[in-house]
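Accompanying notes for the structure given below.
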Amino acid sequence: MLIDGKKIANEIQAEIGQKVLELQGRKPGLAFILIGEMPASQSYVRSKKKKACAETGIASILVELPASISESDLMKQIERLNLDPNIDGILVQLPLPSHINERAVTCAIDPKKDVDGFHPLNVGKMLLGEDDGFLPCTPHGIKILLEKSQIPIEGKHVVIVGRSNIVGKPLAAILMQKKPHCNATVTIAHSQSEHLHSITRSADILVAAIGRPLFIKKEMVKPGSTVIDVGINRLPNGKIVGDIEFPSVSEVAAYISPVPGGVGPMTIAMLLQNTLWSYLKRARFK
């Protein structure tokens, strides 16, 4: 069965839009910082993220900066947004120019406005299972995707292929928590894992986040399992594919997410949800 991430994300965004509509006074504000002129990043921010903000009533601003900007000048822009009372979330679009330290930029964002969920304070809260921080959007989106699709997680063996700080590690931390719709037994596999086929075939839920097009083949998947494809890869012919060889794997998987239309829309929905949560928390403590 196909897991329709776009449908689920649209339902979540509709709920967010209704909550925003009912708010009195100013609307939640989200700032995007875009550095340089990378067409893919510009298109993604404008056509996906800003559009989704407009559809839900969230106010968004786009701060466009040249690729030559110094790290100190970028920090000044971030601090300006940290202090802006109308901004509830700050997102710096990656990748950054090579002369800018990504970790320093992440740490410069106010943790209370870190709607990407990558500030060390929010990462620590995630690992400890505390509820007052922000979860990274893609891993959180995967968890909600499974939950909304009524796929059991508790007690199941989840294998995540990929150990990035953006998807693999935080997803493992989220799904192993002693919380509802979590409590999974989690294995992280990667490019250096021995007997990878045996590991992936043991998964009740297999998450492919390795960044290699069509890497997961049919023989690597346990029949009847759930397969979540996080990869977004462009082939030489321009076609967008995931990390999973979809036609063959869909023959054996009970549930499978497509690319596009699976995890991607959920990432944006979680970004909007984090922005609304930030607004509500900041309003509560004024």
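Residue-by-condition table, conditions (1) at pLDDT below 95; (2) open to solvent by 10 Å² or more (accessible area, probe 1.4 Å):
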| site | (1), (2) |
| --- | --- |
| Pro258 | no, yes |
| Leu271 | no, no |
| Ser278 | no, no |
| Phe285 | yes, yes |
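Going by the structure shown, is Glu37 more than 20 Å from Cys137 (Cβ to Cβ), open to solvent by 50 Å² or more (accessible area, probe 1.4 Å), touching a strand residue (DSSP E or B) at 6+ places or on another chain (Cβ under 6 Å) and at pLDDT below 95?
Details: more than 20 Å from Cys137 (Cβ to Cβ): yes; open to solvent by 50 Å² or more (accessible area, probe 1.4 Å): yes; touching a strand residue (DSSP E or B) at 6+ places or on another chain (Cβ under 6 Å): no; at pLDDT below 95: yes.
So Glu37 does not fit the description; no.
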Counted residues, region 164-179 - those being touching a residue at least 24 places away in the same chain (Cβ under 8 Å), over 13 Å from Val230 (Cβ atoms) and either open to solvent by 40 Å² or more (accessible area, probe 1.4 Å) or aromatic (Phe, Trp, Tyr) (or both):
3
Scanning for something in contact (Cβ under 8 Å) with a residue 40 or more places away in the chain, touching a Phe, Trp or Tyr at 6+ places or on another chain (Cβ under 8 Å), more than 23 Å from Gly155 (Cβ to Cβ) and open to solvent by less than 10 Å² (accessible area, probe 1.4 Å), does region 234-255 turn up at least one residue?
yes
If I filter region 194-214 for residues that are farther than 19 Å from Ile244 by Cβ, surrounded by fewer than 18 Cβ atoms within 10 Å (Cβ to Cβ), over 15 Å from the mean Cα position of the chain (by Cα) and free of Cβ contacts under 8 Å to residues at least 60 places away in the same chain, do I get at least one hit?
yes
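Answer yes if at least one residue in region 141-151 is of a type in the set (Ser, Thr, Tyr), open to solvent by less than 20 Å² (accessible area, probe 1.4 Å) and under 30 Å from Lys179 (Cα atoms), and no otherwise.
There is no residue in region 141-151 that is of a type in the set (Ser, Thr, Tyr), open to solvent by less than 20 Å² (accessible area, probe 1.4 Å) and under 30 Å from Lys179 (Cα atoms).
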When the residues of region 18-32 are narrowed to those that are of a type in the set (A, V, I, L, M) and touching a strand residue (DSSP E or B) at 6+ places or on another chain (Cβ under 9 Å), which ends up nearest to Ala269 (Cα to Cα)?
Leu30
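The values are calculated or read from the model by the stated rules, or taken from the named source; none is laboratory data. Small disclaimer: the values here were computed from a predicted structure and weren't measured. Methodologically, a virtual Cβ is constructed for each residue, glycine included, from the backbone with ideal geometry; neighbour enumeration extends over all protein chains shown. The area values use the complete protein model at the heavy-atom level, side chains included, leaving out ligands, DNA and RNA. Shrake-Rupley method; radii C 1.70, N 1.55, O 1.52, S 1.80 Å.
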